[in-house]
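In what follows, a structure is listed as C-alpha cells, so that the remarks can point back to it.
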C-alpha cells in the first residue's frame, strides 16, 4: 500500500508503507477495548462530597427526643437539613484500567492501516513554512483534503516544526500532535490524518521498531 505524498507545490506522488503495517488487519473488538481503557483513564476521579460526619457542626442534638411535638432529630447536619452532609455522594476513585503494550501496538497499527485504506492519510511537505502563516497553511490543507474543513477533525502529526504548529493552532477543527506521543485514540478521532514529511519518517521508525510508546 502507498500513501499519497504532496510537496509544497501540491505535486502528488506516493510513498510505501512498512510491510509490518500491511501485515495487520483492523480489529474492531480490540479497538473498542482500547477506546474504553483510554477514555476511562482520562477520568480524574477527584469528585468528592462530605457526609454528615464530615460536615462542620451538628455535634449537639437540636432538641430533646420526646415531648416537643416535632420529629426526632439527632443532628442538624443530616442530609435532609440545609447545610447538611450528602448521602451517597461521590468520593475520590481511581478509574484507571490497564491494557498490555502489545495490545496497544496492535491497535495502533490496526487503526493506522484502516485510515490508510479509507484514503484518509496524507503526507505533506511543509518545508516551505519558514515563518508562521495561518492563512497560507489553511489554504494548503484545503487543497490537500479537497473537502469541507468543518466535516471533521483534521489531525496533523508533526515532528517539532514550531512554525507549522504556530500556523495551525488558530484553525478550527485542526489538532496537532507530535508523532512521538500520538495515541491510537488521536488517529481514531481524526477524520483526516496529515503527516509532515519529517513526521512520517519518525512515525515509520516507530511502526517498524519493536518497542513502541503508545499513550493509553
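Quick notes on this one:
- Total residues in the stretch 80-118, condition part of a loop (DSSP other than H, G, I, E, B), without any contact (Cβ under 8 Å) to a residue 12 or more places away in the chain and assigned by TED's automatic domain parsing to the domain that holds residue 30: 2
- Taken over the stretch 148-167, the residue count meeting the criterion of being over 18 Å from the mean Cα position of the chain (by Cα), buried (at least 20 other Cβ atoms within 10 Å of the Cβ) and modelled with pLDDT of 85 or more is 2.
- Residue within the stretch 56-72 that is farther than 20 Å from residue 186 by Cβ, surrounded by 13 or more Cβ atoms within 10 Å (Cβ to Cβ) and not assigned by TED's automatic domain parsing to the domain that holds residue 126 present: yes
- Answer residue from the stretch 39-53, given it is part of a loop (DSSP other than H, G, I, E, B) and under 28 Å from the mean Cα position of the chain (by Cα) and is nearest to residue 99 (Cα to Cα) among those: 42
- Checked against the criterion of being over 18 Å from the mean Cα position of the chain (by Cα), surrounded by 13 or more Cβ atoms within 10 Å (Cβ to Cβ) and modelled with pLDDT of 90 or more, the candidates 123, 111 yield just one match: 123.
The values are calculated or read from the model by the stated rules, or taken from the named source; none is laboratory data. Bear in mind the structure is a predicted one, so any value in this text is a computation, not a measurement. Heads up, the Cβs are rebuilt from the backbone with ideal geometry, glycines too, and the neighbour counts pull from every protein chain shown.
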